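No value in this document is a laboratory result; all are computed from the given coordinates. Note that this is a predicted model, so its numbers are computed, not measured. Because the Cβ atoms are built from the backbone with ideal geometry, glycine has one as well, and the counts that use them run over all protein chains shown.
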């Protein structure tokens, strides 16, 4: 069959690229559908200081390009476009990307997850320059500064508590008069001396030229606007997995994350998943890379048996 591959990997973040490296070294001739916005969420990050192997901070986009060059050294093939269709109901599996119909004996889904942003006028411009969606990744850069967290769930409470280890003041901004987070997380946040809460408040915009210098807030009960000085904004209103292409093809949970059945395999035998596309808990580049390694090794074992 033309365009037939042993393994096709969907996604080119740390999970997808690690899977590609391991699959290539196993002589599986993987093809990576990298996506038009290749590199995953790390391309939105500036300094990365918690990825092993780099004594000095490395820029997120540079790290992803380094991983890609490593994959290319093992003759991994890439299509720098999006997959537009997938058919897991036939064998070999069929993937369509950039008007190419591609067949694969095994597929590794590493399409990742995206942050639910606020949609503010200056938001996208300042991501990585004071706006973040990952306190464990970026809290260190706000040592001695004042920051805000938007959200009301457990993730927002966790982000705020992580930030208290570095920031002098953490303000949780919530559009309602009560949190939806679990009681234990709310109690931890409200008891912390560094955390304050602005209830019934939304962010209308972010202020700053090169980096964040403040927020334009609005009281939802009165409609009154005011400027609020902060050095950083952490958005914690959830993530959405990039799985719309696979809906109805494999099992997804209530939020759309891929459900793994056994050893990185999805509900369809021969289709594997790795990284933030299934990981609702850790969402770190290093854990995604680990999942990519495991998915490639399991795909190799699966193909050996078929």
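Would you mind checking the radius of gyration and Dmax of the range 50-94 based on alpha-carbon positions, in Å?
16.0, 47
How do 106-113, 136-143 rank on mean C-beta neighbours within 10 Å, highest first? Don't jump to the answer; show the numbers that get you there.
Details: 106-113: 29.8, 136-143: 18.0.
So the peptides 106-113, 136-143, ranked by packing, come out 106-113, 136-143.
Given a Förster distance of 35 angstrom, what is the FRET efficiency for residue 87 paired with residue 57, based on the Cβ-Cβ distance and rounded to 0.05? Don't skip to the end; give the middle numbers.
Working: r = 42 Å, r/R0 = 1.21.
For R0 = 35 Å, the calculated efficiency reads 0.25.
Neighbouring Cβ atoms within 10 Å as the yardstick, rank 179, 228 fewest first. Kindly include the intermediate steps, with their values, before the conclusion.
On the way: 179 21, 228 16.
Fewest-to-most ranking of 179, 228: 228, 179.
Looking only at Cα atoms, what is the convex hull volume of the range 181-306 per residue, in Å³? If you can, show how the numbers build up before the last one.
On the way: hull volume 23.6 nm³, N = 126.
Given the Cα convex hull of the range 181-306, per-residue volume reads 187 Å³.
Tell me what the chain gives for mean residue ellipticity at 222 nm when only DSSP H runs of n ≥ 4 count, each as -39,500 (n - 2.57), the sum divided by the residue total, rounded to 500 deg cm²/dmol. Provide the component values of the computation, followed by the final result.
On the way: 7 runs with 73 residues, N = 306.
Result for the chain: -7000 deg cm²/dmol, rounded to the nearest 500.
Arrange 221, 84, 287 by Cβ neighbour counts within 10 Å, fewest through most, would you?
Numbers: 221 10, 84 13, 287 17.
Sorted ascending by nearby Cβ count, the order is 221, 84, 287.
Give the Kirkwood hydrodynamic radius (Å, one decimal) of the range 117-235, defined as one over the mean of 1/r across all pairs of different Cα atoms.
Numbers: mean 1/r = 0.0714 Å⁻¹.
For the range 117-235, inverting the mean 1/r across all distinct Cα pairs yields 14.0 Å.
Does anything in the range 195-224 have its amide N under 15 Å from the 7 Å Cα→Cβ label point of residue 175, and if so which residues?
199-205, 217-223
Pulled fully out, how much extra length does the chain show between residue 247 and residue 196, if you take 0.36 nm times their separation in residues and subtract their Cα-Cα distance? Mind dumping the intermediate values first?
Values: separation 51, 0.36 × 51 = 18.36 nm, distance 4.04 nm.
Here the segment from residue 247 to residue 196 would lengthen by 14.3 nm.
So how tilted is helix 60-73 from the main axis of the chain? Cα-based, degrees 0 to 90, rounded to 10.
Value to nearest ten degrees: 10.
Which order do 22, 282, 302, 291 fall in if you start with the one that has the fewest other Cβ atoms within 10 Å?
On the way: 22 22, 282 14, 302 19, 291 27.
Listing 22, 282, 302, 291 from fewest to most nearby Cβ atoms yields 282, 302, 22, 291.
Where does helix 14-25 land angle-wise versus the long Cα axis of the chain, in degrees 0 to 90, nearest 10?
Approximately 20 degrees, to the nearest 10.
Relative contact order for the range 223-288 using alpha-carbon pairs under 8 Å, separation at least 6, rounded to a whole percent? Don't skip to the answer; put the middle values down first.
Values: 56 pairs, mean separation 14.4, N = 66.
Contact order relative to length: 22 percent.
If you average the C-alpha positions of the range 149-195 and of the range 9-47 separately, how far apart do those two centres end up, in angstrom?
Between the Cα centres of the range 149-195 and the range 9-47 lies a distance of 34 Å.
Against the longest principal axis of the chain, how steep is helix 285-304, in degrees 0 to 90 to the nearest 10, with axes from Cα atoms?
The angle comes out at about 20 degrees.
Note down the relative contact order for the range 1-127 as a percent, whole number, built from C-alpha pairs under 8 angstrom at least six residues apart.
Contact order relative to length: 33 percent.
Which of the peptides 23-36, 235-248 is most tightly packed, and how do the rest follow, judged by the mean count of other Cβ atoms within 10 Å per residue? Write down the numbers at each step before the final one.
On the way: 23-36: 20.9, 235-248: 17.9.
Averaged packing, sorted descending, gives the order 23-36, 235-248.
Take the alpha-carbon positions of the chain, form their convex hull, and give its projected area averaged over all directions (one quarter of the hull surface) in nm². Show your work: numbers first, answer last.
On the way: hull surface 67.5 nm².
With the hull built on Cα positions only, its mean projection is 16.9 nm².
If contacts are Cα pairs under 8 angstrom and at least 6 residues apart, what is the relative contact order of the chain in percent?
Numbers: 705 pairs, mean separation 64.3, N = 306.
Relative contact order here is 21 percent.
When averaged across all projection directions, what area in nm² does the alpha-carbon convex hull of the range 1-93 cover? List each step's numbers first, then the result.
Values: hull surface 27.0 nm².
Average of the hull's projected areas for the range 1-93 equals 6.7 nm².
Mind giving me the nanometre distance, one decimal, between the label points for residue 229 and residue 184, set 7 Å out from Cα along Cα→Cβ?
Each label point is offset 7 Å from its Cα along the Cβ direction, giving 3.9 nm.
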